[in-house]
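Okay, so here's the structure we're looking at.
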Amino acid sequence: MTRISLSGFPIVLETKRLILRPWKDDEADAQALFRYASDPEIGPNAGWLPHESVIYSGNMIRTILKKDGIFAITRKGGDNEAIGSIGLTMSPSGARGRKETEAELGYWIARPYQNQGLTTEAVREMLRYAFCDRQREGVWCCYYDGNLRSRHVMDKTGFTYDHTDFHSFNPMMDKYFVEHFMYLPAKRYFNYIGKML
C-alpha cells in the first residue's frame, strides 16, 4: 500500500509490519544508521564499508540515502527507528546493463531483524512500487558471491538468475567481486502476483 501526500510531502510505503519512509537528515537517523551499519557483517555484503562514526553515517544519509526511491525501513508501531534501507536506482547504467525503463533494487536490514521475513516483506512492497507506481519494465537485483541470505530473498520474490560478472569492481571497497545479477520483468511480476492471490 502506498501513501502519497498531495501537499508535497515525500512518498511513504506501508506493509503489514513495516513503514518505508524517506531518510531524514537528523541525529536520530544518523545514530540509528551508525548503530546498524557499523556491523562488519552488514556493509561488505551490501557493497560498502562498515560505518566508522555517526558523522560518517550522517554524511551517507545526505549524499546517498536522501534520494528519490530510497527508503529507511522502520517497524510499524515502533519508535520510527531506521533498521535498514531499501531503494531503487532508476537511472540507466550501460556498465550494469540497466535500461532507462528498468530499475535496480538494493536493500539491507540490521542483524537483530533478520530471519523474520521483514526483508522479503519490504522487497515485495518495493517491487509493487517499482512496477505499479513507477511503471518499470523490469527490476534488477544483485548479490555478491556467498551472500546466500540475499539470494534467498530474491528467490522468494520472483527474481531469476540472469548472469554473473566475475570481475565486478567496487570502488568504495577498492576490490573486485564475483557479482550475480538477478532479473524480474514486469510480465513475470504480474503473473507471480496473480498466483499469490
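Considering each residue of the range 151-161 in turn, at least one proves to be closer than 30 Å to Pro10 by Cα, of a type in the set (A, V, I, L, M) and crowded, with 19+ Cβ neighbours inside 10 Å.
Has the range 127-142 got any residue that is polar (S, T, N, Q) and surrounded by 17 or more Cβ atoms within 10 Å (Cβ to Cβ)? No: the range 127-142 contains no residue that is polar (S, T, N, Q) and surrounded by 17 or more Cβ atoms within 10 Å (Cβ to Cβ).
If the condition is being in a strand (DSSP E or B) and more than 17 Å from Leu105 (Cα to Cα), then the range 171-180 contributes Lys175, Tyr176, Phe177, Val178. The set of residues from the range 30-51 being buried (at least 19 other Cβ atoms within 10 Å of the Cβ) and at pLDDT 90 or above comprises Ala30, Ala32, Leu33, Phe34, Tyr36, Ala37, His51. Residues that are crowded, with 19+ Cβ neighbours inside 10 Å and hydrophobic (A, V, I, L, M, F, W, C) were ranked within the range 162-197; the one that is modelled with the lowest pLDDT is Phe177.
Annotation note: of Thr74, Thr89, the sole residue that is over 21 Å from Leu118 (Cβ atoms) and within 17 Å of the chain's Cα centre (by Cα) is Thr89. Number of residues in the range 101-118 that are more than 22 Å from Ser168 (Cβ to Cβ) and out of contact with any Leu (no Cβ under 8 Å at 6 or more places or on another chain): the value is 9. Can you pull out the residues in the range 63-84 that are assigned to a loop (DSSP other than H, G, I, E, B) and modelled with pLDDT of 95 or more? Residues satisfying the conditions are Glu81, Ala82, Ile83. What do you reckon, is Val123 assigned to a strand (DSSP E or B), of a type outside the set (Asp, Glu), out of contact with any Gly (no Cβ under 9 Å at 6 or more places or on another chain) and modelled with pLDDT of 95 or more? No; evaluated as a whole, the condition is false for this residue. How many residues are assigned to a helix (DSSP H, G or I) and in contact with a Ser or Thr (Cβ under 6 Å, 6 or more places away or on another chain) if we restrict to the range 15-36? Qualifying residue count, the range 15-36: 3.
The values are calculated or read from the model by the stated rules, or taken from the named source; none is laboratory data. Everything numeric here is computed off the predicted structure, so don't read it as measured data. Because the Cβ atoms are built from the backbone with ideal geometry, glycine has one as well, and the counts that use them run over all protein chains shown.
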